[in-house]
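Worksheet for the structure shown next.
Just so it is clear, none of the values below were taken in a lab; they were calculated from the coordinates. Small disclaimer: the values here were computed from a predicted structure and weren't measured.
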Amino acid sequence: MTKWVNKYWLEVIYISSVLCFVGVFALLSMSEYATTMSQGLSESVIRFHVLANSDTKEDQLLKENVRDAVLLYMEPILKDSPSIDETRKRINTHLEEITQVAEQVIANWGKDYSVYVELKHEDFPTKTYGDIIFPAGNYEACRIVIGEGAGQNWWCVMFPPLCYVDAATGVVPLEGKEELKENLTDEQYEIVAFQADKPYDVRFKIVEWFNK
């Protein structure tokens, strides 16, 4: 009897060990997958991030006006950029001008808020832009902070240029999606592109969970 019990527990311990090993291996594999996907996305896009002074209606409207003025200024500069490196170079070259554009809008509104503009990496939560969804992660962004920067923010993608969504449909134009697809792997594109038949892609959830 004792021999049988010992054999039983040895089998239980063995099976448990195997299951633990498989679980740890699966977890490590998912972690590596999430890191690879997140890094790939981070290296393929440059985001545009505008933070309002506060959440008052006036400050939020001011933020939108700063956004529109900067996008209008930067559109012809970035329009024919052939690569993310070139886009980064052009943004860095025009940081002073971007600051001046923002300052002019703020002055026109009769405000004396400071403006801070920089190109840097920062952590983002999961964000939806039109029908494109970017998982949480660390992304490079052209960041404009108005005043205290304590209000709701606005963001889009400067490279590939996705800062123009069809207001009527809330959908990123086909041209923008094609440029995004050209700069991502097929798998990365499938993760961020919303599809009605599978809105909760398992791969997206893995990347999102490991980057929280």
- Message: Multiplying the sequence separation of Trp109 and His121 by 0.36 nm and subtracting their Cα-Cα distance, what value in nm do you get?
- Response: 1.3 nm
- Note on the structure: Under the rule rounded for a/c under 1.5, else prolate if a/b exceeds b/c, else oblate, using alpha carbon gyration tensor axes a ≥ b ≥ c, the range 94-152 is classed as prolate
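Here is the link list: Lys57/Lys127; Lys57/Lys111; Lys63/Lys120; Lys111/Lys177. Which ones come out longer than 26 Å on Cα distance?
Details: Lys57/Lys127 22 Å; Lys57/Lys111 14 Å; Lys63/Lys120 20 Å; Lys111/Lys177 37 Å.
As for pairs spanning more than 26 Å Cα to Cα, those are Lys111/Lys177.
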